[in-house]
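Below: one structure, written as structure tokens.
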Amino acid sequence: MKKSGYLRIFVSYYKPHWKLFALDMACALCICMVDLAFPIVSRSSMQTLLPQKLFSAFFVVMALLAGAYVLKSVFYFIVTYWGHLLGVRMEADIRRDLFHHMQDLSFSFYDKNRTGQLMSRVTGDLFEITELAHHGPEDLFISTVTILGAFCIMLTIRWQLALVVFAVIPVFVIFTAVSRKRMMDASTEVKAKLAGINGEVESSISGMRTAKAFANEDAESAKFNAANDQFRGAKRGYYKAMARYQSGMEFCMGILSVLVIAFGGFLIMRGEMDFIDLTTFALYVTAFITPIRKLSAFVEQFMQGMAGFRRFVELMRLEPDIQDAPDARDLTGVKGDILVDDVTFRYESAGESVLEHVKLHVRPGETVAVVGPSGGGKSTLCQLIPRFYDVTEGRILVDGQDVRELKQHSLRAQIGIVQQDVFLFAGTIYDNIRYGKPDATEAEIVEAARRAEIYDDILEMPDGFQTQVGERGVMLSGGQKQRVSIARIFLKNPPILILDEATSALDSVTEARIQSAFDELARGRTTLIIAHRLSTIRSASRIIVIDGCGIREEGTHEQLMARDGAYAQLYRAQRSTAV
């Protein structure tokens, strides 16, 4: 992807389907042969068979031509059906590679890119690939063979007239080359603007409830209209470039017919050519013009398809920020010992450090709560352990092994994360719980639901475990979504658990109900609890207070209250607010 050109990369996708491609090209060649044979066979019949009154032979030849056109229709069926399937398979391969590559990209990539624009890359940008993959080589091959074949036959009929036709070809080539870059740039801009529209649509639909709550429908419409106007302007530029190209091509092809008739008429006047030859020549000019029209359409198709393909390659050339080391190892037999060794971290987009020289040791099976002000680095610290981001300085060890020396997949397979913003996939409750262990049995899923205290709620639902949760779990309450996510972790059964403000968005009654599920989940596991509500972490064996400067305090609830420091101030502030 990095060293090869766009065209070479595109051609490489034909390799797995070369048999289908060969069939498509073979049928295309047969179609060319039929089209090229008709004028010359007709000329021979009119010049030889009819004057000599060989009527039987004439009708035999006509029957053979009819049979050839029957075969041509069969070849066209193969080219149309199997050729398009070839394009669809290539598009599916390209989309598969892109999706798998996006799975490998790091969190920082998704921090910088909008979902709607990425959706446009995976879907919209590749729509024209099917047509290009099928019609591109086919049209180019048919047009080349037809033009060369027709020109050679025209030379045998009247070489002077053939040279007149051939003299127009350089004009086509030069004009196409000049128009190509303009159309490519315009088509690429159209793709970019369409991605912008998709981004606005995705954002507006996802935030529709917020827009309605603030009565800001007009503002959302204004944002969409602005993006839509930009797309319309880009599309206008593309169609203007395309119109210049098409009108120029039409002029060249029209003037070609005029030149042939004019010069052919001049040769007839001088007695150097007869009407049958001119008629045959005119048929070959038509056969000559048809592939040129195909080449004209191919140029437009190529511009649109390659514009999307170029954006695909640009995305494929992005390297993940987080990559496995060449000698990375699997993490096995995990005890759950975590060591944060003098860690400093800053995001690329931010100049200041989020964490500075943080030192923390969590022993196997220990429950440690992390508290502190918003923006102090609590969540960032816990995102460094599964290596969603790499530390700027220092190191993080799991069971004595640097996480940068472990395979990401094996590391994350040993860590369960429950977040405040629970994401449920559109589907059933059963499928969302099973996401924690795709090969889980029904009994295991039911047991996980029981341990997460969501089982009774599920039985009360109309379809039980097959109840649809809606987009992002909108059909469930906040507490139900959270307990489904807890059931997923029970099913995954990881030795290390991270609870990232998992109850801060819930009311106190729901939080108290879920807390017992969390206590059950944390039993026997190394657990990190990022907490906003301090009342939920009193049972932690250790509490650390963290801010942008690192760890300020550390100890049990009683020890920190006796110290009367930052933790005690936070605790009293929350107590007074609760009262």
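Any residue at all in the range 418-427 that's outside any loop (DSSP other than H, G, I, E, B), in contact with an Asp or Glu (Cβ under 8 Å, 6 or more places away or on another chain) and within 26 Å of residue 542 (Cα to Cα)? Steps first, answer last, please.
Taking the range 418-427 first, the residues outside any loop (DSSP other than H, G, I, E, B) are 418-419.
Narrowing the set further to residues that are in contact with an Asp or Glu (Cβ under 8 Å, 6 or more places away or on another chain) leaves 418-419.
If we keep only those that are within 26 Å of residue 542 (Cα to Cα) too, we end up with 418-419.
Yes, because at least one residue in the range 418-427 is outside any loop (DSSP other than H, G, I, E, B), in contact with an Asp or Glu (Cβ under 8 Å, 6 or more places away or on another chain) and within 26 Å of residue 542 (Cα to Cα).
Taking each residue of the range 64-79 that is part of a helix (DSSP H, G or I) and looking for partners that are acidic (Asp, Glu) and surrounded by 11 or more Cβ atoms within 10 Å (Cβ to Cβ) with beta-carbon atoms closer than 9 Å, six or more apart or interchain, yields 72/35; 78/24; 79/24; 79/138.
Can you tell me how many residues in the range 69-100 are surrounded by 17 or more Cβ atoms within 10 Å (Cβ to Cβ), under 25 Å from residue 389 (Cβ atoms) and of a type outside the set (A, V, I, L, M)? Residues in the range 69-100 being surrounded by 17 or more Cβ atoms within 10 Å (Cβ to Cβ), under 25 Å from residue 389 (Cβ atoms) and of a type outside the set (A, V, I, L, M): 0 in total.
Look at the range 1-12: where a residue is touching a residue at least 24 places away in the same chain (Cβ under 8 Å), no partner that is among the β-branched types (Val, Ile, Thr) and surrounded by fewer than 11 Cβ atoms within 10 Å (Cβ to Cβ) sits 6+ places away or on another chain with Cβ atoms under 7 Å. The residue that is modelled with the lowest pLDDT, among those in the range 483-523 that are crowded, with 23+ Cβ neighbours inside 10 Å and of a type in the set (Gly, Ala, Ser), is 502.
Taking the listed residues 423, 388, 345, the one that is closer than 18 Å to residue 486 by Cβ and of a type in the set (Phe, Trp, Tyr) is 423, with no other qualifying. Scanning the range 390-397 turns up no residue that is outside the structural domain of residue 533 (by TED's automatic domain parsing), out of contact with any helix residue (DSSP H, G or I) (no Cβ under 8 Å at 6 or more places or on another chain) and not β-branched (Val, Ile, Thr). Can you find even one residue in the range 113-125 that is assigned by TED's automatic domain parsing to the domain that holds residue 259, surrounded by 18 or more Cβ atoms within 10 Å (Cβ to Cβ) and either over 27 Å from residue 10 (Cβ atoms) or at pLDDT 75 or above (or both)? No: the range 113-125 contains no residue that is assigned by TED's automatic domain parsing to the domain that holds residue 259, surrounded by 18 or more Cβ atoms within 10 Å (Cβ to Cβ) and either over 27 Å from residue 10 (Cβ atoms) or at pLDDT 75 or above (or both). Looking at 326, 291, just one residue is modelled with pLDDT of 80 or more, of a type outside the set (D, E, K, R) and either in the same structural domain as residue 183 (by TED's automatic domain parsing) or under 29 Å from residue 405 (Cα atoms) (or both), and that residue is 326.
Restricting attention to the range 550-574, the residues being closer than 18 Å to residue 376 by Cβ, surrounded by 14 or more Cβ atoms within 10 Å (Cβ to Cβ) and among the aliphatic types (A, V, I, L, M) number 5.
Among the residues making up the range 393-425, a single one is free of Cβ contacts under 8 Å to residues at least 60 places away in the same chain, surrounded by 17 or more Cβ atoms within 10 Å (Cβ to Cβ) and within 28 Å of the chain's Cα centre (by Cα): 412. Filtering the range 254-282 to residues that are more than 24 Å from residue 42 (Cα to Cα) and touching a residue at least 40 places away in the same chain (Cβ under 8 Å) leaves only 255. Evaluate the range 5-20: report whether one residue or more is modelled with pLDDT under 85 and polar (S, T, N, Q). No: zero hits.
Report yes if residue 431 is surrounded by fewer than 16 Cβ atoms within 10 Å (Cβ to Cβ) and either outside any loop (DSSP other than H, G, I, E, B) or under 27 Å from the mean Cα position of the chain (by Cα) (or both), otherwise no.
Details: surrounded by fewer than 16 Cβ atoms within 10 Å (Cβ to Cβ): no; either outside any loop (DSSP other than H, G, I, E, B) or under 27 Å from the mean Cα position of the chain (by Cα) (or both): yes.
Taking the combined requirement at face value, the residue does not satisfy it.
If only residues of the range 354-386 that are over 17 Å from residue 530 (Cα atoms) and surrounded by 15 or more Cβ atoms within 10 Å (Cβ to Cβ) are counted, the one that is farthest from the chain's Cα centre (by Cα) is 364.
Quick one: would you say residue 375 is small (Gly, Ala, Ser) and closer than 30 Å to residue 565 by Cα?
Numbers: small (Gly, Ala, Ser): yes; closer than 30 Å to residue 565 by Cα: yes.
Yes; evaluated as a whole, the condition is true for this residue.
Total residues in the range 434-452 satisfying the condition of being farther than 28 Å from residue 531 by Cβ and not in a loop (DSSP other than H, G, I, E, B): the figure is 6.
Would you be able to say whether some residue in the range 455-470 is closer than 26 Å to residue 364 by Cα and either modelled with pLDDT under 85 or in a helix (DSSP H, G or I) (or both)? Write out each step before concluding.
Residues of the range 455-470 that are closer than 26 Å to residue 364 by Cα, as a first pass: none.
The answer is no, given that none of the residues of the range 455-470 is closer than 26 Å to residue 364 by Cα and either modelled with pLDDT under 85 or in a helix (DSSP H, G or I) (or both).
Filtering the range 91-119 to residues that are among the small types (Gly, Ala, Ser), in contact (Cβ under 8 Å) with a residue 40 or more places away in the chain, more than 23 Å from residue 190 (Cβ to Cβ) and part of a helix (DSSP H, G or I) leaves only 108.
Annotation: of all residues in the range 538-579 being at pLDDT below 75 and assigned to a loop (DSSP other than H, G, I, E, B), the one that is nearest to the chain's Cα centre (by Cα) is 548. Take residue 285 and decide whether it is assigned by TED's automatic domain parsing to the domain that holds residue 187, farther than 27 Å from residue 130 by Cα and either in a helix (DSSP H, G or I) or at pLDDT 75 or above (or both). When the stated conditions are applied, residue 285 passes them. Between 275, 298, the distinction of being in the same structural domain as residue 147 (by TED's automatic domain parsing) and in contact with a His (Cβ under 8 Å, 6 or more places away or on another chain) belongs to 298 only. The residue that is surrounded by the fewest Cβ atoms within 10 Å (Cβ to Cβ), counting only those in the range 225-279 that are under 14 Å from residue 161 (Cα atoms) and small (Gly, Ala, Ser), is 262. For the range 120-172, a residue qualifies if it is part of a helix (DSSP H, G or I) and of a type in the set (Ser, Thr, Tyr), and the qualifying residues are 120, 130, 143, 144, 146, 156.
Going through 188, 176, 130, 146 one at a time, which residue ends up being closer than 26 Å to residue 284 by Cβ, modelled with pLDDT under 75 and surrounded by 16 or more Cβ atoms within 10 Å (Cβ to Cβ)? Unique residue meeting the criteria: 176.
How many residues does the range 434-457 hold that are among the charged types (D, E, K, R), surrounded by 16 or more Cβ atoms within 10 Å (Cβ to Cβ) and farther than 20 Å from residue 478 by Cα? Give the derivation first.
Step one: list which residues in the range 434-457 are among the charged types (D, E, K, R), which gives 434, 437, 439, 442, 444, 447, 450-451, 453, 456-457.
Adding the requirement that they be surrounded by 16 or more Cβ atoms within 10 Å (Cβ to Cβ) leaves 434, 437, 444, 447, 451, 453, 457.
In the following step, the residues that additionally are farther than 20 Å from residue 478 by Cα were identified as 437, 444, 447.
The total comes to 3.
The values are calculated or read from the model by the stated rules, or taken from the named source; none is laboratory data. Computed from a prediction, not measured in an experiment: that's the story for all the values here. Note that each Cβ is placed from the backbone with ideal geometry, even for glycine, and that neighbours are counted across all protein chains shown.
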